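The values are calculated or read from the model by the stated rules, or taken from the named source; none is laboratory data. These numbers were taken from a predicted model, which means no experiment stands behind them. Positions of Cβ are generated from backbone atoms using ideal geometry, with glycine treated the same way; all protein chains shown enter the neighbour counts. What goes into the accessible areas is simple: the full protein's heavy atoms, side chains included, and nothing from ligands, DNA or RNA. Shrake-Rupley method; radii C 1.70, N 1.55, O 1.52, S 1.80 Å.
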Amino acid sequence: MEQAIMPEFTAEQYLTTSEPYAWLAQFKDDKFALQQQIQRMKMQAGAVGVRTFMALWNAYLESTMKKQGQSLDNATKFDAQPVELFSGQYICDDYGVRMSDRFGYEITICVHPIMPVRRLINIDEGDERLEIAYKKGRSWRSIIIEKSVVASSNQILQLAAYGVVVTSENAKLLSSYLLTMEQLNYDTISEEHSVGRLGWVLDHGFSPYVDKLIFDGEANFRHMFNSVRSDGDRQKWIDAMKKVRAEKSIGRIFLAASFASALIEPCGLLPFFVHAYGGQGTGKTVSLMIAASVWASPKLGDYVMSFNSTDVGQEMIAAFLNSMPMCMDELQIQAASGIKDYDRILYKLTEGQGRVRGTKTGGIRRIVTWRNCILTTGEYPIINANSMSGASVRAIEIECADKIYSDLVGLCAIINENYGFAGREFVEYIRDPENMKMINDLRVEIYHELQAAGGEDKQAASLSAILIADYVASTLFFQDGCQLTVDEMIRLMTKRGEIDANVRAAEWVMEMVAVNTNHFKPNDFGEYKAEVWGKVEANNIFVIKSVFDREMQNAGFNAKSFLSWAKRKGILKTDKERRTKNALIAGTVVPTVCICKDEMRDLIG
């Protein structure tokens with residue numbers, strides 16, 4: 001178009017008529033000419049005192065578009081689309097998504113079909129998410145993302161990881177398209193509840209056994225979520241478990257503990273460990289597979305996992321499983337740095353909640369929680385002589401000295417092909433309020449019986465859950481007369497006297513002196529063959545205070561706590577109000593810990 005002569009519009013025309021803007025609109029088919037005329041008219045409008053020309057021009061364009069109208073039957077025309085949606089100003093077909101700008105130029109928003117198909121409300125967090133369907137090639141795929149991701153032109157770039165063609169160039173347009181399509185089709189797009197985990201869900205039931213409850217959790221957990229299903233023959237699984245129970249193997253305790261996991265929350269209990277340890281080839285891993293087969297595919301890598309994960313990873317797994325058993329193989333992988341790590345793992349997972357963590361924006365993330373049983377295996381015990389007393393009561397340990405099962409290969413073959421029936425039926429039974437009341441009443445009776453036998457409160461509560469779960473499972477599935485008994489559980493208990501960390505520390509002191517005689521006994525010339533630690537005279541053991549503190553710490557005990565306890569028990573000789581006694585060691589007077597040997601032996605038995 002040749003350069004047109006611009007009329008001399010007045011301020012009144014700019015402010016009260018559409019004449020200047022209609023004249024300018026004639027250049028809409030030539031984008032370069034249009035921009036030239038916009039700049040000339042902007043200068044002219046400014047010269048006559050109109051400073052809001054661009055705002056008036058944009059308003060004119062919007063008004064003109066509305067007058068032209070949008071076809072009410074304009075709809076998505078994607079091939080094999082999940083749902084047909086009203087598309088408004090957008091052109092949606094197999095060539096992708098496009099629209100016309102205010103000047104009539106076509107803009108490509110996405111080069112392939114894409115549309116919102118479902119709105120999800122997460123029942124734990126309350127936030128809203130969108131399921132986005134998109135087509136690459138011949139097949140449709142879908143992803144579930146938080147609404148905040150869709151609403152941000154920066155965060156929507158995350159969709160590129162799933163194959164959506166989104167770049168910094170079209171991100172803003174794609175974000176606007178998806179949100180607009182949802183708004184235009186609010187009643188057409190279905191709204192459903194979603195959850196990102198397994199287990200008990202308030203007012204809904206037990207995930208995944210809830211109709212129309214959609215999984216919207218981390219993609220890394222989708223495989224495990226999908227492993228919770230039934231397959232094969234229910235009776236074949238029951239027959240295999242009857243054989244396991246008849247052999248009175250460790251597997252029946254793992255089996256009962258797996259059922260017990262679903263009782264922890266409704267019974268108001270805390271998470272606990274059941275740990276099997278022993279040499280290779282005994283069948284410890286098969287015990288985990290038995291536990292997993294109650295709910296899911298027991299194949300390694302489906303539901304059962306190894307301890308090869310970070311602290312945060314373990315928290316996330318526990319929170320995802322929530323009420324279902326956490327089955328982790330080969331504990332020693334995680335605790336490579338020493339036995340102190342075992343206590344840390346015990347405390348962390350049996351607390352039932354994750355750490356407080358901040359967000360990038362300065363807030364605090366929702367604290368994840370769980371109430372389940374943690375089933376583990378390893379070559380070594382999880383509780384040691386220097387474990388803290390709190391750790392001792394959070395775990396039930398079972399030693400595997402010999403081969404556990406008579407037919408390991410046959411058992412694995414059966415449970416790998418037949419699984420997942422019992423968990424759902426067990427949950428359906430305990431969801432009945434009357435059944436649950438009966439279960440908890442019986443559990444409390446068992447708990448008091450275990451307490452009376454010397455069990456510590458936490459461990460007695462855990463064992464009572466295992467026993468009552470075994471009772472219910474026996475009634476529902478097995479009817480074989482092979483129930484676990486209170487006497488069997490009593491043999492697994494850590495008695496109250498064995499739990500006290502200071503008693504175990506006293507035992508360690510006696511052992512430490514006995515096996516390190518060169519550190520305490522000089523030769524005939526008064527010389528020590530090793531580093532000087534102290535001396536033994538008659539009924540008194542003298543340990544140099546700095547050495548005592550060091551060795552106690554290395555062994556995982558608290559020296560200050562032990563000395564305070566020892567003084568109260570009368571087995572410690574001290575100077576006045578102190579916890580130490582000065583003594584002559586190797587020719588020098590130094591502060592020592594002076595222990596009365598015979599009195600301490602009497603105390604620890």
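Here are the numbers for the structure shown:
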quantity: Tail beyond 39 Å, pair distance distribution of the chain (Cα, percent); calculated: 53
quantity: Per-residue HN-Hα couplings for segment 397-402 [Karplus 6.51, -1.76, 1.60; θ = phi - 60°; Hz; x = Gly/Pro]; calculated: 10, 9, 8, 10, 7, 10
quantity: ³J(HN,Hα), Karplus 6.51/-1.76/1.60, whole Hz, each residue of segment 221-237, x for Gly, Pro; calculated: 9, 4, 4, 5, 4, 6, 6, 7, 7, 10, 7, x, 10, 4, 5, 5, 5
quantity: Between segment 118-157 and segment 401-438, the Cα center-to-center distance that results, in Å; calculated: 36
quantity: Exposure of Thr517 as accessible area (Å², to 10), given a probe of 1.4 Å and all protein chains; calculated: 80
quantity: Cα→Cβ-extended label distance, 7 Å offset, between Glu417 and Gln183, nm; calculated: 5.8
quantity: Chymotrypsin sites (Phe, Trp or Tyr not before Pro) within segment 102-209: DSSP coil, no more than 12 neighbouring Cβ in 10 Å; calculated: Tyr105, Tyr186
quantity: Computed P(r) (all Cα pairs; segment 433-474; 10 Å bins; percent); calculated: 33, 52, 15, 0
quantity: Derived scalar couplings ³J(HN,Hα) [segment 165-172; Karplus, 6.51 cos²θ - 1.76 cosθ + 1.60; whole Hz; x for Gly, Pro]; calculated: 7, 9, 10, 4, 6, 10, 4, 5
quantity: Cut-off 14 Å, label 7 Å out along Cα→Cβ of Arg51, residues of segment 1-38 by amide N; calculated: none
quantity: Considering only the chain, percent of DSSP beta bridges that pair antiparallel, nearest 5; calculated: 65
quantity: Residues of segment 525-540 with amide N under 15 Å of the 7 Å Cα→Cβ point at Ile604; calculated: 540
quantity: Gap separating the Cα centres of segment 546-605 and segment 234-295, nearest whole Å; calculated: 45
quantity: Value of Rg to Rh for segment 548-605 (Rh from inverse mean 1/r over Cα pairs, i.e. Kirkwood); calculated: 0.98
quantity: Listed pairs Lys242/Lys299; Lys560/Lys597; Lys212/Lys248 exceeding 30 Å between Cα atoms; calculated: Lys212/Lys248
quantity: 5 angstrom amide H check on Leu375, placed H, neighbours 5+ away; calculated: Val274, Met326, Cys327, Met328
quantity: Overall Cα dimensions of segment 94-174 - principal axes, largest extent first, Å; calculated: 45, 30, 20
quantity: Acute angle (nearest 10 degrees) that the helix 421-430 long axis makes with the longest principal axis of the chain, alpha-carbon atoms; calculated: 90
quantity: Tilt relative to the chain, helix 501-515 - C-alpha long axis, 0 to 90 degrees, to 10; calculated: 60
quantity: Histogram of C-alpha separations across segment 55-209, 5 Å bin width, %; calculated: 2, 9, 16, 19, 18, 14, 10, 6, 3, 1, 1, 0
quantity: Rounded tilt (10° steps) of 457-473 against the dominant C-alpha axis of the chain; calculated: 70
quantity: Length-normalised contact order of the chain in % [C-alpha pairs under 8 Å, at least 6 apart]; calculated: 10
quantity: Three semi-axes of the equivalent ellipsoid, segment 181-271, Cα gyration tensor, whole Å, largest first; calculated: 36, 17, 11
quantity: Computed [θ] at 222 nm, helices only, for the chain once each DSSP H run of length n ≥ 4 contributes -39500 (n - 2.57); calculated: -12000 deg cm²/dmol
quantity: Order of exposure, largest accessible area first, which applies to Thr580, Thr285 with probe 1.4 Å; calculated: Thr285, Thr580
quantity: Distance histogram for segment 470-532 (every C-alpha pair counted, 10 angstrom bins, percent rounded to whole numbers); calculated: 17, 21, 17, 14, 13, 9, 7, 2
quantity: Where GluC sites (Glu not before Pro) fall in DSSP loop in segment 177-219, at most 13 other Cβ within 10 Å; calculated: Glu218
